[in-house]
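Everything on this sheet refers to the single structure shown next.
The values are calculated or read from the model by the stated rules, or taken from the named source; none is laboratory data. Treat the numbers as computed from the prediction; the structure is a model and nothing was measured. Using ideal geometry, Cβ is built from the backbone for each residue, glycine included, and neighbour counts are taken over all protein chains shown. What goes into the accessible areas is simple: the full protein's heavy atoms, side chains included, and nothing from ligands, DNA or RNA. Shrake-Rupley method; radii C 1.70, N 1.55, O 1.52, S 1.80 Å.
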Amino acid sequence: MPTSSEDAAHQSAQRNRVLLAASDAQIYAALAGEEARQRAGIELIPSENYAYPEVLAALGSVFTNKYAEGYPGRRYYGGQEYTDVIERTARSRARKLFGAEHANVQPLSGAPMNAAVYFAMLEPGDTVLGMDLSHGGHLTHGAPVSHMGALYHWIRYKTDPGNAGRIDFDALRELARTHRPKLIVCGYSSYPRDYDYAQFKAIADDVGALTMADVSHIGGLIAGGAMRNPCDYGFDFVTTTTHKSLRGPRGGMILCKNSFRRDIDRSVFPGLQGGPHMNQVAATAIALGKALQPEFKDYARQVLDNAKTLAAALLDKQATLVTGGTDNHMMVLDCVQSFGIDGRVAEEALDKISITCNKQVIPDDPKPPLRPSGIRLGTPAATTRGMAGVEMERLAGWIVDALRHHADEAALARLKGEVEEVCSQFPVPGIG
Ligand code: DSN
């Protein structure tokens with residue numbers, strides 16, 4: 001029996017949707033189309049997920065109306081009795097989940113989150129060590145096309161093909177000793193392995209560098225206890241987005257030691273951003289609350305189990321995976337080597353069978369970023385829908401069939417039917 005506040009919430013959500021449908025048919029049709037797309041197919045982009053329904057509710061709430069420059073108890077505008085509650089709650093949940101001394105939950109997303117750390121700790125021209133983009137690093141880890149790449153002197157470390165594509169710590173130590181960076185950044189968006197944070201920290205200590213781990217992809221897997229936590233290794237800064245494996249809103253968080261609290265908070269606001277998006281902060285608090293529940297550990301473990309099962313099944317079917325497999329939630333499939341096609345053709349073939357992935361450069365890719373050699377696959381979203389080992393095995397079969405028969409429209413149509421039939425048995429949180 002719903003309570004009266006549940007009834008009221010239901011009516012208000014329904015009313016808002018009806019209003020939208022009546023007042024802007026064009027946008028409503030796109031929204032309905034996107035819901036149908038998400039329901040019909042399997043999402044394998046490793047950085048995407050299905051937000052909790054409660055997160056969607058908070059994002060669409062009246063907190064979007066509120067300006068809240070400053071921090072709890074120290075705001076520049078009145079009317080903060082509820083915004084302070086949600087921000088304090090989000091910060092304390094983040095500290096508890098990661099074992100961090102301080103959490104700033106205001107970054108609008110991943111790129112400003114990382115920029116805020118750099119602006120807090122670095123002067124223009126300072127030397128930073130970051131992972132090369134094609135080897136798994138992120139744009140904000142010093143890619144030349146980013147403003148951050150231009151502002152600081154980035155030295156890029158790579159993986160070692162002679163060591164199964166793992167990070168080459170000897171070369172990293174050598175680079176650190178030669179260039180004496182002020183900051184060493186680790187973290188990835190396409191490196192399918194866990195990180196040896198102890199080695200990073202030892203190298204940083206050796207040269208007197210600060211340490212930052214950008215765990216945006218695996219924040220939820222760390223929170224769920226399934227992967228190593230850089231906070232346990234004494235990292236100075238840990239950054240994570242909140243919309244990937246954490247299933248929260250699009251946003252970011254910076255975790256740091258108390259000694260950096262003032263610098264980080266001032267760098268986020270007023271240094272880089274204006275008013276925080278309080279609807280996003282409310283949604284972050286909700287996602288962090290969910291991650292504190294015991295069942296979130298099962299989710300995190302299942303994401304990794306599913307990735308291992310999918311990787312093993314792909315390898316069984318003669319696919320080539322960068323590093324030969326995965327320790328985390330994602331894998332990078334070398335389509336040129338496996339199927340003689342580039343990543344764009346592969347992405348388009350999978351789109352046609354309602355499997356969404358993204359084309360992906362592989363280490364030192366000879367091909368350009370819009371026609372790279374690989375694709376990137378990940379399991380957080382499929383796991384959220386309840387898919388497990390059986391579905392992962394089937395997925396591997398569909399993927400390999402589609403890539404082998406990428407020009408055969410009839411074969412693709414048959415595969416699409418099979419994918420969508422299975423998806424119909426796994427509702428999408430928030431839209432059913
Ligand atoms: N776009 C995200 C990813 O896919 O990894 C990171 O910015």
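Any chance the stretch 329-336 includes a residue that's more than 16 Å from the ligand (Cβ to nearest atom), in contact with a Gly (Cβ under 9 Å, 6 or more places away or on another chain), open to solvent by less than 40 Å² (accessible area, probe 1.4 Å) and touching a residue at least 24 places away in the same chain (Cβ under 8 Å)? The answer is yes; a qualifying residue exists. For the stretch 396-411, the tally of residues that are buried (at least 17 other Cβ atoms within 10 Å of the Cβ) and acidic (Asp, Glu) stands at 1. Scoring residue 264 on the criteria (1) touching a residue at least 12 places away in the same chain (Cβ under 8 Å); (2) open to solvent by 10 Å² or more (accessible area, probe 1.4 Å); (3) away from the ligand (no atom under 16 Å from the Cβ) leaves a single failure, condition (2).
Would you confirm, using the coordinates I've provided, whether residue 138 is within 16 Å of the ligand (Cβ to nearest atom) and touching a residue at least 12 places away in the same chain (Cβ under 8 Å)?
On the way: within 16 Å of the ligand (Cβ to nearest atom): yes; touching a residue at least 12 places away in the same chain (Cβ under 8 Å): yes.
Yes.
Which of the residues belonging to the stretch 236-257 are away from the ligand (no atom under 14 Å from the Cβ) and open to solvent by 10 Å² or more (accessible area, probe 1.4 Å)? The answer is 236, 247, 257.
Among the residues of the stretch 81-126 satisfying the criterion of being over 25 Å from residue 225 (Cβ atoms) and acidic (Asp, Glu), which is nearest to the chain's Cα centre (by Cα)? That would be 87. Pairing residues of the stretch 114-134 that are among the charged types (D, E, K, R) with residues that are assigned to a strand (DSSP E or B) and open to solvent by 10 Å² or more (accessible area, probe 1.4 Å), at Cβ distances under 7 Å and at least 6 apart in sequence or on separate chains, gives 126/153; 132/156.
Filtered by the rule that a residue be within 16 Å of the ligand (Cβ to nearest atom) and acidic (Asp, Glu), the stretch 172-204 gives no residues. Checking each residue in the stretch 301-312 for being crowded, with 24+ Cβ neighbours inside 10 Å and small (Gly, Ala, Ser) picks out 307, 311. Inclusion of residue 128 among residues that are within 16 Å of the ligand (Cβ to nearest atom) and more than 20 Å from residue 325 (Cα to Cα) is not warranted.
For beta carbons closer than 6 Å, sequence separation of 6+ or different chains, a first residue in the stretch 374-401 that is among the hydroxyl-bearing types (Ser, Thr, Tyr) and a second that is assigned to a helix (DSSP H, G or I), the qualifying pairs are 379/303; 379/306; 379/307; 383/302; 383/303; 383/306. Remark: pairs (first residue in the stretch 406-432, more than 30 Å from residue 54 (Cα to Cα); second residue of a type in the set (Val, Ile, Thr) and assigned to a helix (DSSP H, G or I); Cβ separation under 7 Å; 6+ apart in sequence or on different chains) = 406/345.
Table: residues versus (1) within 16 Å of the ligand (Cβ to nearest atom); (2) open to solvent by 60 Å² or more (accessible area, probe 1.4 Å).
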{"site": "354", "(1), (2)": "no, no"}
{"site": "364", "(1), (2)": "no, yes"}
{"site": "372", "(1), (2)": "yes, no"}
{"site": "380", "(1), (2)": "yes, no"}
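One residue stands out among those in the stretch 313-322 that are crowded, with 20+ Cβ neighbours inside 10 Å and of a type outside the set (Gly, Ala, Ser): the one that is nearest to residue 195 (Cα to Cα), which is 322. Is there a residue being open to solvent by less than 20 Å² (accessible area, probe 1.4 Å) and within 16 Å of the ligand (Cβ to nearest atom) anywhere in the stretch 150-165? Looking for residues that are open to solvent by less than 20 Å² (accessible area, probe 1.4 Å) and within 16 Å of the ligand (Cβ to nearest atom), one finds none in the stretch 150-165, hence no. Return yes or no: is residue 115 touching a helix residue (DSSP H, G or I) at 6+ places or on another chain (Cβ under 8 Å) and within 16 Å of the ligand (Cβ to nearest atom)? Yes, satisfied. Cβ separations smaller than 8 Å between residues 6+ apart or across chains give no pair from the stretch 287-300 residues that are acidic (Asp, Glu) to residues that are open to solvent by less than 10 Å² (accessible area, probe 1.4 Å) and assigned to a helix (DSSP H, G or I). Does the stretch 257-268 contain at least one residue that is in contact with a Leu (Cβ under 6 Å, 6 or more places away or on another chain) and either of a type in the set (Ser, Thr, Tyr) or at pLDDT 95 or above (or both)? No: zero hits. Test residue 359 against the stated conditions and say whether it is over 19 Å from residue 392 (Cβ atoms), away from the ligand (no atom under 16 Å from the Cβ), among the basic types (Lys, Arg) and crowded, with 18+ Cβ neighbours inside 10 Å. Criteria not met by residue 359. Across the stretch 133-145, which residue is farthest from residue 120 (Cα to Cα) among those that are surrounded by fewer than 21 Cβ atoms within 10 Å (Cβ to Cβ) and either modelled with pLDDT of 95 or more or of a type in the set (A, V, I, L, M, F, W, C) (or both)? Ranking the qualifying residues of the stretch 133-145, first place goes to 145.
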